[in-house]
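What follows is a set of notes on a single structure, which appears directly below.
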Amino acid sequence: MAGIGAALLPGPALAAVEGAAIPPVLGLPFAGMLLSIALMPLLIGPVWHHHYGKIALGWALLFLLPFAALFGAWEAAGLVAHVALDEYLPFLLLLLALYTTGGGVVLRGSLSGSPAGNTVLLAFGTAIASIMGTTGAAMVMIRPVMRANAHRKRKTHVFVFFIFLVANIGGGLTPLGDPPLYLGFLAGVPFFWPLQHLKGEVAFCAAILLAVFYGLDTWHHRKEGIVRDPAPRERLRIGGGINVVLLAVVVAIVLMQGIWHPGEVTLAGVHVPFERLMAMLGFVAITAASIALTPTALREENGFAWGAMAEVAKLFAAIFVTMAPVLAMLRAGREGPMGGFVALLSGPDGAPIPWVYFWGSGVLSSFLDNAPTYLVFFNLAGGDAGALTTAGALTLAAISCGSVFMGANSYIGNAPNFMVKAIVEESGFRMPSFFGYVGWACLFLVPIFIVATFVFFR
């Protein structure tokens, strides 16, 4: 709401403060926001669950008020307007449309929670993630996966690997798959470039993870002593088919933004591409259509609720605002407060080092939102799509894979991660804590990424 309010102000100029001029101390509220998400649910769970919105707002104000004192109230208002119109609202409204339509699709019939059945479900979700996006695939598949494993005692690992594969790595083949690649598409990267250049990396990581998952799930399945699934076999069928059509419209709108460029409009001093504004309105219309056309009984059957969406909306509003100075300091390059880190990206001859870009974009995508992180590293590598897709293809592949793959390393690396966590917990199932999830990522993902470094980026 603060972002929308700033957008309605009578035209403050977009914040023009250079990253080099921002004191590093203004990055502390972002660190505080991350630590709150990580520690408060463990230490003071009831307080966090009742007041997380107020806590998030507090961290946002701890950045905005000092920023306004240093650079002026209009600069602070312009920054909020920029974050709201250029980043947060496009992100949130797309997520809202996918959440609402995906939550209106019910997969009925027998879904086996056996190791083979779970592996097939995760493989299918991974495959469709590049077609309907990681968020769309996650919203369509998470509830069937929960229903298939409702009788299992040990199922936390299923949801963790679901985030690894469906909510992240599966989206690495098209701009529709994951927001970082979509930003690259808008910046001039051809639509089929990721499929041509990243298919080996995606297949490599997905195949290893699916094989590891099958082995782990088989071990848990045997420890539980399950001989057969208790539910009788029923033919699979889809309910809420209108939402499948609406999901296709969402995909078409996303694709439209990379093709249709009629110009810009200026709102609150922010230059917003007209196609982006139309897309946001389209996402709102699709959300309304899904709510109106989907029977309430179907959503109840699907266990649909708004709590997960509300949590993501509140927390990511604060994350986007407090993340702004950190990204600005990165954009300042060698002259900014993070110049030492930026200098590591190139060799003595000034040529980019692909494996450093892979881990640099990846580590930051683990804790910053992976879409703006991708754009920062894209610009640090030169920002010329023509050069990066040809002579610099290895560097761009490293940035793309780092941003997409390592967004899986924490709950906040990619928006679907946190949404899946919220949906699973809202349904009464257990998920790891923030650090617990990072531990899973360190155990299963990081070794694969180390091997991938030597195979693809050396």
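The values are calculated or read from the model by the stated rules, or taken from the named source; none is laboratory data. Keep in mind the model is a prediction, meaning the values are calculated, not measured. Note: ideal-geometry Cβ built from the backbone for every residue, glycine included; neighbour counts use all protein chains shown.
When the stretch 138-172 is filtered for residues that are surrounded by 24 or more Cβ atoms within 10 Å (Cβ to Cβ) and of a type in the set (Gly, Ala, Ser), the ones remaining, listed by number, are Ala138, Ala167, Gly170, Gly171, Gly172. Filtering the stretch 148-204 to residues that are charged (D, E, K, R), part of a helix (DSSP H, G or I) and either in contact with a helix residue (DSSP H, G or I) (Cβ under 7 Å, 6 or more places away or on another chain) or farther than 20 Å from Thr453 by Cβ (or both) leaves only Glu201. Considering Ala150, Ala137, the condition of being more than 14 Å from Asn414 (Cα to Cα) and either in contact (Cβ under 8 Å) with a residue 40 or more places away in the chain or touching a Gly at 6+ places or on another chain (Cβ under 8 Å) (or both) is satisfied by Ala150 alone.
Among the residues of the stretch 333-355, those identified as within 16 Å of Asn379 (Cβ to Cβ), among the aliphatic types (A, V, I, L, M) and at pLDDT 80 or above are Ala343, Leu345. Under 8 Å between Cβ atoms, which residue pairs at least 6 apart in sequence (or on different chains) link something in the stretch 298-318 that is at positive phi with a partner that is surrounded by 18 or more Cβ atoms within 10 Å (Cβ to Cβ) and part of a helix (DSSP H, G or I)? Within 8 Å, the pairs are Gly303/Arg143; Gly303/Met146. Of the helices (runs of 4 or more DSSP H) lying entirely inside the stretch 28-127, those containing at least 3 residues that are among the aromatic types (Phe, Trp, Tyr) and in contact (Cβ under 8 Å) with a residue 24 or more places away in the chain span 45-71.
Pairing residues of the stretch 372-394 that are under 22 Å from Ile319 (Cα atoms) and at pLDDT below 85 with residues that are outside any loop (DSSP other than H, G, I, E, B) and of a type in the set (A, V, I, L, M), at Cβ distances under 6 Å and at least 6 apart in sequence or on separate chains, gives Pro372/Leu327; Thr373/Leu364; Leu375/Leu183; Val376/Leu327; Val376/Leu330. For the stretch 63-70, the condition holds for at least one residue, the condition being that it is under 24 Å from the mean Cα position of the chain (by Cα) and at pLDDT 90 or above. Scanning the stretch 373-423 for residues that are closer than 16 Å to Tyr357 by Cα, in a loop (DSSP other than H, G, I, E, B) and of a type in the set (Val, Ile, Thr) turns up just one, Thr389. Within this structure, Ala343 fails the test of being of a type outside the set (S, T, N, Q) and under 23 Å from Met139 (Cα atoms). Within the stretch 216-245, residues that are within 30 Å of Ala288 (Cα to Cα) and among the small types (Gly, Ala, Ser) have Cβ atoms under 9 Å from residues that are surrounded by 15 or more Cβ atoms within 10 Å (Cβ to Cβ) and at pLDDT 85 or above in these pairs: Gly239/Gly104; Gly239/Leu298; Gly240/Thr101; Gly240/Gly104; Gly240/Ser290; Gly240/Thr294; Gly240/Leu298; Gly240/Arg299, counting only partners at least 6 apart in sequence or on another chain.
Go through the stretch 125-137 and count every residue that is over 17 Å from Lys199 (Cβ atoms) and crowded, with 24+ Cβ neighbours inside 10 Å. Total satisfying the criteria: 5. The single condition among (1) of a type in the set (Phe, Trp, Tyr); (2) farther than 30 Å from Met278 by Cβ; (3) modelled with pLDDT under 90 that Tyr88 does not meet is (2). Here Gly215 does not qualify as part of a loop (DSSP other than H, G, I, E, B) and farther than 18 Å from Gly133 by Cβ. Which residues, counting only those in the stretch 98-122, are touching an Asp or Glu at 6+ places or on another chain (Cβ under 7 Å) and at pLDDT below 90? Correct list: Val106, Gly109, Ser110, Ser112, Gly113, Ser114. Residues of the stretch 300-310 include none that is at pLDDT 85 or above and buried (at least 21 other Cβ atoms within 10 Å of the Cβ). The residues on offer are Leu330, Leu298, Leu368, and the sole one that is under 24 Å from Pro416 (Cα atoms) and either small (Gly, Ala, Ser) or within 22 Å of the chain's Cα centre (by Cα) (or both) is Leu368. Residues that are within 25 Å of Tyr99 (Cβ to Cβ), assigned to a helix (DSSP H, G or I) and in contact (Cβ under 8 Å) with a residue 24 or more places away in the chain within the stretch 424-455 comprise Val424, Glu426, Phe434, Tyr437, Val438, Trp440, Ala441, listed in sequence order.
Selection of the stretch 247-294 for residues being touching a helix residue (DSSP H, G or I) at 6+ places or on another chain (Cβ under 8 Å), of a type outside the set (Gly, Ala, Ser), closer than 20 Å to Phe185 by Cα and not in a helix (DSSP H, G or I) yields Gln257, Trp260, His261, Pro262, Glu264, Val272. The residues of the stretch 315-340 that are touching a Gly at 6+ places or on another chain (Cβ under 8 Å) and surrounded by fewer than 17 Cβ atoms within 10 Å (Cβ to Cβ) amount to a single one, Gly339. Within the stretch 368-385, the set of residues being more than 20 Å from Leu176 (Cα to Cα) and surrounded by fewer than 22 Cβ atoms within 10 Å (Cβ to Cβ) comprises Asn379, Leu380, Ala381, Gly382, Gly383, Asp384.
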